[in-house]
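The values are calculated or read from the model by the stated rules, or taken from the named source; none is laboratory data. Everything numeric here is computed off the predicted structure, so don't read it as measured data. Positions of Cβ are backbone-derived with ideal geometry, glycine not excepted, and every protein chain shown enters the neighbour counts.
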Amino acid sequence: MTWVTAVARLRARREAGVLVTVATVRGHAPRNAGAKLVVGRTGTWGSIGGGNVEAVAIDRARELIDAPSPEPELIDFALNDKVTNRHGVQCCGGTVSVLLEPLPVVRAVAIFGVGHVGMELARILARQDLDLHLIDSRSDVLAEDRLAVLADAVAAVRVHHTPLLPEEVLEHLPRGTHVLIMTHDHAEDAALCDAALRTPHLGSIGLIGSAAKWSRFRTRLLTEGGHDETAVARIKTPIGLTDITGKEPATIAVSVAADLLRTFENEGN
């Protein structure tokens with residue numbers, strides 16, 4: 001398996017990892033500069049030459065996987081018999097620098113409702129490295145020509161057409177997915193809020209709408225839905241930055257995206 005494939009598989013499985021690269025070589029060494037090794041929590045793919053260099057790199061990579069905010073780092077190795085090594089002697093005679101680059105689990109966002117605001121929001125979030133799920137019960141808003149503006153997206157865009165029950169998508173979303181509810185139908189929004197609160201593996205839950213809309217929803221969630229105050233408080237509404245008050249779809253989308261990015265930052269602290 002190539003290192004590119006290994007990185008792609010870790011991303012698809014939502015597993016953290018580290019890409020290890022031989023950055024520089026002076027003198028003799030087991031592998032040339034550019035050799036790569038991918039380290040996951042339980043497996044490795046590729047090689048940077050074996051021996052002490054590779055073993056130490058794997059140990060340190062797994063420490064980075066468990067670190068809260070890992071940063072790339074360089075490790076220097078002297079390959080001679082005068083150096084005390086953790087995993088045995090390597091006396092090739094050269095020196096090697098190895099770069100470790102953390103591969104964190106990519107965040108996921110689900111936008112329920114790809115109308116005017118949802119589409120503007122998708123265009124902004126598509127520029128971020130994340131898994132972006134677009135869900136709508138209307139086939140026309142998910143038409144290929146309408147979504148063509150996302151063709152060069154950095155994000156991995158996944159489209160879900162759900163003509164009957166959009167809330168069924170919730171249980172299939174990746175763990176920790178941040179959910180934004182903004183459909184064209186208040187009944188759909190209400191059903192999604194109820195279902196999201198019953199889906200424990202989700203991240204944040206945001207709802208677009210007025211105070212009057214939320215008052216009605218909140219009452220229904222507490223009474224008909226049977227949710228308690230703590231559960232209902234998981235839903236953030238209104239979404240977006242409170243000091244941005246414009247009502248144009250693009251303005252709302254910028255506000256919501258900025259608020260979401262702030263949530264991402266807080267998760268990393």
**Report entry** Whichever residue in segment 202-211 is at pLDDT below 95 and out of contact with any His (no Cβ under 9 Å at 6 or more places or on another chain) and, among such residues, is surrounded by the most Cβ atoms within 10 Å (Cβ to Cβ)
**Finding:** Ser210
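Looking at Glu168, Glu73, Glu120, which one is out of contact with any His (no Cβ under 6 Å at 6 or more places or on another chain), at pLDDT 95 or above and either exposed (fewer than 14 other Cβ atoms within 10 Å of the Cβ) or in the same structural domain as Val20 (by TED's automatic domain parsing) (or both)? Before you say what the answer is, go through the steps one by one.
On the way: Glu168 fails: at pLDDT 95 or above; Glu120 fails: either exposed (fewer than 14 other Cβ atoms within 10 Å of the Cβ) or in the same structural domain as Val20 (by TED's automatic domain parsing) (or both).
Result of the check over Glu168, Glu73, Glu120: Glu73.
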Report summary line: Ile244 vs (1) outside any loop (DSSP other than H, G, I, E, B); (2) free of Cβ contacts under 8 Å to residues at least 24 places away in the same chain; (3) surrounded by fewer than 18 Cβ atoms within 10 Å (Cβ to Cβ): all pass except (1)
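Out of Thr24, Thr42, Thr5, I need the residue that is part of a strand (DSSP E or B) and either surrounded by 13 or more Cβ atoms within 10 Å (Cβ to Cβ) or of a type in the set (Ser, Thr, Tyr) (or both). Which one?
Thr24
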Query - Options Ala190, Ala155, Ala195, Ala148: the member that is small (Gly, Ala, Ser) and out of contact with any helix residue (DSSP H, G or I) (no Cβ under 8 Å at 6 or more places or on another chain) - result: Ala148
Query raised in the report: Failed condition for Ile239, given (1) in a loop (DSSP other than H, G, I, E, B); (2) among the hydrophobic types (A, V, I, L, M, F, W, C); (3) more than 23 Å from Leu125 (Cβ to Cβ), with all others met?
Result: (3)
Report task. For residues that are under 23 Å from the mean Cα position of the chain (by Cα) and on the phi > 0 side of the Ramachandran plot, tally how many sit in segment 1-43. Result -> 1
Requested in this report: May I ask you to verify whether Asp129 is without any contact (Cβ under 8 Å) to a residue 12 or more places away in the chain and surrounded by fewer than 23 Cβ atoms within 10 Å (Cβ to Cβ)?
Outcome: no
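Looking only at segment 212-231, count how many residues are assigned to a helix (DSSP H, G or I) and surrounded by 12 or more Cβ atoms within 10 Å (Cβ to Cβ). First the steps, then the outcome.
Step one: filter segment 212-231 for residues assigned to a helix (DSSP H, G or I), giving 212-222, 229-231.
Among the residues that remain, those that are also surrounded by 12 or more Cβ atoms within 10 Å (Cβ to Cβ) are: 213-214, 216-222, 231.
Here the count works out to 10.
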**Report entry** Residue, surrounded by the most Cβ atoms within 10 Å (Cβ to Cβ), within segment 182-201, restricted to residues that are in a helix (DSSP H, G or I) and among the charged types (D, E, K, R)
**Finding:** Asp189
